[in-house]
Amino acid sequence: MDLFSVITLLGGLAFFLYGMEVMSGGLERMAGGKLEHSLRRMTSNPFKSLVLGAGITIAIQSSSALTVMLVGLVNSGIMNISQTVGVIMGSNIGTTLTAWLLSMVGLETDNLWLKLLKPENFSLVFALVGIIMIMMSKNSKKKDIGSILVGFAVLMYGMKLMSGAVSPLADMPEFASLLTAFENPILGVIIGAVFTGIIQSSAASVGILQALALTGSITFGMALPIIMGQNIGTCVTALISSIGVNRNAKKVSVIHISFNLIGTVVFMILYYGLDAIFHFSFTDLPIDALGIAVVHSIFNVATTVLLLPFSKMLVWIANTVLRDKQDTTVAPTELIDDRLLATPSIAISEGNSLTRKMARFTHDTLLLALSCDSSFSEANAKQILENEDTLDRYEDKLGTFLVKLSAKELSDTDSKKISKMLHAIGDLERMGDHAVNLMRVFEELHTKKLTFSQQAQQEITVLQNAIREILDMTVKAYVDTDLALASQVEPLEQVIDKLVAAIKSRHIARLQAGSCTIELGFILSDLLNNYSRISDHCSNIAVSIIEISRASYDTHEYLNTIKSGDSDFESNFARFSAKYQV
């Protein structure tokens, strides 16, 4: 094996890792929010979590990425550590699929149909079809399918390069003498763990082992401890991702490491104990790529079967290793964790869930502010101020997170979701500011013991009812992406504008008649301005929902269009005008 063989081996590894990255990215974009939806439906049932973990790992082709995602979800308070156990176990099963795909490289047969399964016979066709789909299609989903095909072809080509580069090793006596060291199972575990930890990809590590197996120099006895060590080495990514997170999130990596360590120790003792008694005949036989895939799968499935009934024990180990502090402080959770950016579809769905939560929170804060008109209290005032601070934090964290997320490679659907969220969070935060303004106005009325005239109060009540309805409609339209409901917001906003103008006009008349004071006039003006601005922000959110769904962002053109003879707009406007009259 000369210098060029080493360069080919490293180049093949680079192709392998890049192909894996491209393929997993395409698979993830295809899956979209379905992954997050599955996570949100997770129950405490370990079996369901197991199936879910395997499914997500197959979808994104990376158990490491799934573990990083779990760390982020726990750090954000979205999941608790007991929910992660089954998912981690399932990810170990899901990652075995790659080994089965790679085992086709060593397929030798004269059967025509089986020959078609060899990567060199179909991966180039995949690459051609994938490139055509990427270049010719305008549909993002077809482009993603093209990326999956190209990524798979590059991955398989990388595997072929690696197997070709190491084939000369079979004739090297130095390599044969080196392999004798791997007959020590402890050393095999350490080598497998260290190498996998360095490249941070158990799939690539298994792939290199399969390439070495094609030389005929690797035996079952050598391969088994290396495979076990590879499972331990893949935990390095979880350890790295645990830096800077809260204590609960760190426990995810402890569970991951404990699961793989316990599985390795148990099966090392079991296998070598039985081998000492029965002297397995296959131990010294050469293993091929398919055999490695089989051993890899058996080990991961058997470990999961063994430890699944003891899920609570793994949680206990994590709690014991990382004991909760007994002081008075509780470890804070992130509003949304940047680690989720590694899995954009999950990040988008979590961002969307948080934006919906922000919308509901804004809605409740404004209703609390409106209630201060009839029942002002210091407790409510304090709560509104605290809520406004929370909304500021939402906007800051979410805005930064979404801007980072928008720089990722996304599907058209996911890009629309980000645009919808970015449009909404600014309006929602400013509505929180108006809630504080309203509270201040009612506080002034309460402190100075001022009251509006009966007629003025009746007019304000009508306007407040309209504000409550537009808030309800806007938040429900946003949370449910209800375009029909969103289209009713603008007509009601126009009615509110008319109500504000009418109340201002009537106030001037009362002021001229001497039935109202200048001081109350200023207070009324503040109220009306805030109500008007709240309805404007509701309109902004509703219009953005409609326009983004149409892949259009011209708000002014949309508003001009619906106000120029749109029958639905006119009928809704007439309905709301009849409902809210002063």
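The values are calculated or read from the model by the stated rules, or taken from the named source; none is laboratory data. No experiment lies behind these values; they were computed from the predicted model shown. Heads up, the Cβs are rebuilt from the backbone with ideal geometry, glycines too, and the neighbour counts pull from every protein chain shown. Heavy atoms of the whole protein, side chains included, go into the accessibility calculation; ligands, DNA and RNA do not. Shrake-Rupley method; radii C 1.70, N 1.55, O 1.52, S 1.80 Å.
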What is the distance, in nm, between label points placed 7 Å from the Cα along the Cα-to-Cβ direction at Val305 and at Lys416?
4.6
Step through the table entries Lys250/Lys408; Lys357/Lys476; Lys250/Lys404; Lys141/Lys397; Lys141/Lys408, compare each Cα-Cα distance with 21 Å, and write down the pairs that go over it.
Lys250/Lys408; Lys250/Lys404; Lys141/Lys397
Using modelled backbone amide H atoms (1.01 Å from N, in-plane), which distant-in-sequence or interchain residues come within less than 5 Å of Thr219's amide H?
Ile287
Could you give me the ³J(HN,Hα) list for the stretch 306-313, computed from phi with Karplus coefficients 6.51, -1.76, 1.60 and θ = phi - 60°, whole Hz, x at Gly and Pro?
5, 9, 4, x, 10, 4, 5, 5
Full-stretch length increase - Arg506, Lys48 - with 0.36 nm per residue and alpha-carbon distance subtracted
158.5 nm
Considering the dipole of the chain built from charges on the beta carbon (Lys and Arg +1, Asp and Glu -1) around the Cα centre, which of Thr474, Trp316, Tyr271 is farthest to its positive end?
Thr474
Under the Debye formula (equal points on every Cα, no solvent term), log10 I(q)/I(0) of the chain at q = 0.05, 0.11, 0.13 Å⁻¹:
-0.33, -1.02, -1.26
Express in whole angstrom the spacing between the alpha-carbon centres of the stretch 365-396 and the stretch 234-270.
43
Report the full-extension gain for the segment Lys449 to Glu386: residue separation times 0.36 nm, less the Cα-Cα distance, to one decimal in nm.
20.1 nm
Between Asp568 and Ala379, the FRET efficiency computed from the C-beta separation at R0 = 30 Å comes out, to the nearest 0.05, as 0.10
Counting only protein heavy atoms, what percent of the accessible surface of the chain is carbon or sulfur at a 1.4 Å probe?
62
For the chain, what is the mean residue ellipticity at 222 nm derived from helices alone (per DSSP H run of n ≥ 4: -39500 (n - 2.57); sum divided by total residues; nearest 500 deg cm²/dmol)?
-26000 deg cm²/dmol
Using the heavy atoms of the protein chains alone and a 1.4 angstrom probe, what is the accessible area of the chain per residue in square angstrom?
46
Only four residue types carry charge here, +1 at the Cβ of Lys and Arg and -1 at the Cβ of Asp and Glu. Report the dipole size of the chain about the Cα centre in Debye, rounded to the nearest 20.
780
Backbone HN-Hα couplings from phi across the stretch 339-356 [Karplus 6.51/-1.76/1.60, Hz, Gly and Pro as x]:
4, 5, 4, 5, 10, x, 5, 5, 4, 5, 5, 5, x, 5, 4, 5, 5, 4
Quick one: 3J(HN,Hα) in Hz for the stretch 388-405, Karplus 6.51/-1.76/1.60 with θ = phi - 60°, rounded, Gly and Pro as x.
5, 5, 5, 5, 4, 5, 4, 4, 5, 5, 5, x, 4, 4, 5, 5, 4, 5
Among His537, Thr215, Ser377, which residue has its Cα positioned farthest towards the positive end of the charge dipole of the chain, with +1 placed on the Cβ of Lys and Arg, -1 on the Cβ of Asp and Glu, and the dipole taken about the Cα centre?
Ser377
Taking the Cβ of Ala424 as the center, what net charge do the other residues with Cβ under 13 Å away carry, scoring Lys and Arg +1 and Asp and Glu -1?
+3
Straight distance only, please: which lysines reach the Cα of Lys448 with their own Cα at less than 24 Å, same-chain residues fewer than 8 apart left out?
Lys382, Lys504
Quick one: compute the contact order of the chain, relative version, from alpha carbon pairs under 8 angstrom and 6+ residues apart, as a percent.
15
Extending each Cα 7 Å along its Cβ direction at Asp480 and Ile240, get the distance between those two points in nm, one decimal.
4.5
Can you give the extra length, in nm with one decimal, that the chain gains between Asn139 and His279 once fully stretched, where that is 0.36 nm per residue apart less the Cα-Cα distance?
44.5 nm
Leading residue at positive end of dipole, the stretch 326-480 (Cβ point charges), from Leu368, Gln458, Met358:
Gln458
